[in-house]
Amino acid sequence: MLYPAEYSAARTVLLDALEALSSHLPSIVLVGAQGVYLHTGSAELAQPPMTTDADLALDTSALADEPEITSALKSAGFTPGRNPGSWLSRTGIAVDLMVVPAQSGTTKKDARAARISPHARDTARITPGLEPALVDHCLQVITALEPTDPRQIELKVAGPAALLIAKSIKIAERIADAEAGKSERLKEKDALDMFRLLQAIETEDLARGIQKHFADPQAAEVSRRGLAAMRHHGTTTRSPMPELATRAASGDSTVALSFVTLTLDLLDAVSELK
């Protein structure tokens, strides 16, 4: 499959970052769009997989002290971006390092940078919604998308259910910001990524993943919030999530109804497993 140049470049930079952080791989989980595409491929959509960055969650419960992450990334040619946890490659492609609030080392509500000493203060950004990924993941081999790049790195990848919940929460937060008059722009691609997961992964498998979240107190709370957001924003064809997904799919009229049907099926399946 021929991938968009931007996506191939993002995968190359992801591998660069993972090489720099090779000693920390047991504590890293791939999240975000690259995780979605590893599970779904093209998901039978006309729109090819597309992302221009990489997202990594750090599980600080077992994170080693050395090598210091900031120093390791700088030695590999990465520079700090404008926001905590954002690291830019020499070509300007971002790799975002994120930590869930409970592992952030601070209880300040407005804090953005995690305190994961002895690693530098702006190493990672505090990001809610990734708690399920810390308990719902599997090892996968990450390969380059450029045919001349032979690199392969084994890494934990968030499970489809964890990725779906994270996307749901992200969209719900942005909807709330938009309703409050903030300038946060709703990203249509996030909703299309949700649809990719709903379409490509069996409903029963997604429900079993969510059941795994329910066994962990922090993941359970987050997963329930994500499901509530799907129920509130994704269960009619005029709800924001299916409308955003439709726009991202170039107006494909079949997307909204399929999104709603699959969402309702999942909500029913989760309810039956409780």
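The values are calculated or read from the model by the stated rules, or taken from the named source; none is laboratory data. Just so we're clear, the structure is a prediction, and the values are computed from it rather than from any experiment. Here the Cβ is made from the backbone with ideal geometry for all residues, glycine too, and neighbour counts use every protein chain on show.
Structure notes:
- Hey, Arg151 surrounded by fewer than 20 Cβ atoms within 10 Å (Cβ to Cβ), farther than 28 Å from Leu15 by Cβ and at pLDDT 95 or above or not: no
- Cβ separations smaller than 6 Å between residues 6+ apart or across chains give the following pairs from the stretch 224-236 residues that are under 12 Å from Ala176 (Cβ atoms) to residues that are among the polar types (S, T, N, Q) and in a helix (DSSP H, G or I): Ala229/Ser168.
- Scan of the stretch 190-226 for residues that are under 17 Å from Val135 (Cα atoms) and either at pLDDT below 95 or hydrophobic (A, V, I, L, M, F, W, C) (or both), ordered by number: Leu206, Ala207, Ile210, Phe214, Ala215, Ala219, Ala220, Val222
- Residue match in the stretch 58-71 (condition: modelled with pLDDT of 95 or more, among the β-branched types (Val, Ile, Thr) and either in a strand (DSSP E or B) or exposed (fewer than 15 other Cβ atoms within 10 Å of the Cβ) (or both)): no
- Of the residues contained in the stretch 76-98, none is found to be in a helix (DSSP H, G or I) and surrounded by 14 or more Cβ atoms within 10 Å (Cβ to Cβ).
- When residues of the stretch 34-57 are limited to those that are of a type in the set (Gly, Ala, Ser) and either at pLDDT 95 or above or under 19 Å from Ser104 (Cα atoms) (or both), the one surrounded by the fewest Cβ atoms within 10 Å (Cβ to Cβ): Ala54
- Within the stretch 88-95, not a single residue is in contact (Cβ under 8 Å) with a residue 24 or more places away in the chain and among the charged types (D, E, K, R).
- Some residue of the stretch 263-271 being touching a Ser or Thr at 6+ places or on another chain (Cβ under 9 Å), among the acidic types (Asp, Glu) and at pLDDT 95 or above: yes
- Among residues that are touching a helix residue (DSSP H, G or I) at 6+ places or on another chain (Cβ under 9 Å), in contact (Cβ under 8 Å) with a residue 24 or more places away in the chain and surrounded by fewer than 16 Cβ atoms within 10 Å (Cβ to Cβ), Asp190 is not included.
- Residues being within 17 Å of the chain's Cα centre (by Cα) and not hydrophobic (A, V, I, L, M, F, W, C) are represented in the stretch 92-105 by at least one member.
- Checked against the criterion of being among the small types (Gly, Ala, Ser), touching a His at 6+ places or on another chain (Cβ under 8 Å) and farther than 23 Å from Glu202 by Cα, the stretch 149-163 contains not a single residue that satisfies it.
- Inter-residue pairs, beta-carbon under 7 Å, first touching a residue at least 24 places away in the same chain (Cβ under 8 Å) and in the stretch 253-268, second of a type in the set (D, E, K, R) and surrounded by fewer than 23 Cβ atoms within 10 Å (Cβ to Cβ), 6+ apart: Leu267/Arg231
- Flag for Ala220 being surrounded by fewer than 19 Cβ atoms within 10 Å (Cβ to Cβ) and more than 19 Å from the chain's Cα centre (by Cα): no
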